[in-house]
Amino acid sequence: MWYVYIIRSIDHPGQEYVGATADLKRRLPEHNAGKSAHTAKFMPWLLVWYCAFPDKHKALEFEKYLKSHSGRAFTKKRLCGSAVKL
């Protein structure tokens with residue numbers, strides 16, 4: 001399985017990051033340990049949404065969509081409500 005996920009900075013709630021991974025339980029601690037240049041300056045992070053996909057290609061397509069202008073609007077309106085603890 002592949003996962004598309006959205007994390008939100010705890011200290012800077014206006015900062016969100018969309019990513020994709022095959023191992024979500026490993027990836028979130030990596031973000032919180034500063035191992036990603038894109039997310040290190042806004043640590044710590046909280047998982048707010050994720051979705052599982054049966055194949056990598058579909059997951060990466062959806063990640064790309066969520067990073068687009070219309071995808072960001074969709075995320076704001078439909079996906080990010082309460083945080084999920086992993």
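Throughout, read-outs are computed from the coordinates displayed, never taken from laboratory work. Remember, predicted model here, so these are calculated numbers, not experimental data. When we count neighbours, we look across all protein chains shown, and the Cβ atoms used for this are built from the backbone with ideal geometry, even at glycine.
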Write out, first by first residue and then by second, each pair whose Cβ atoms fall under 8 Å of each other, whose residues are 6+ apart or on separate chains, and whose first residue, in the stretch 46-57, is β-branched (Val, Ile, Thr) while the second is crowded, with 17+ Cβ neighbours inside 10 Å. 48/6; 48/7; 48/8; 48/16
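Would you call residue 67 in contact (Cβ under 8 Å) with a residue 40 or more places away in the chain, touching a Phe, Trp or Tyr at 6+ places or on another chain (Cβ under 7 Å), basic (Lys, Arg) and at negative phi?
Working: in contact (Cβ under 8 Å) with a residue 40 or more places away in the chain: yes; touching a Phe, Trp or Tyr at 6+ places or on another chain (Cβ under 7 Å): no; basic (Lys, Arg): yes; at negative phi: yes.
Criteria not met by residue 67.
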Pairs returned, first residue in the stretch 14-35 that is within 23 Å of residue 72 (Cβ to Cβ) and in contact (Cβ under 8 Å) with a residue 60 or more places away in the chain, second residue that is of a type in the set (Val, Ile, Thr) and crowded, with 16+ Cβ neighbours inside 10 Å, beta-carbon separation under 6 angstrom, 6 or more apart or interchain, are 16/6
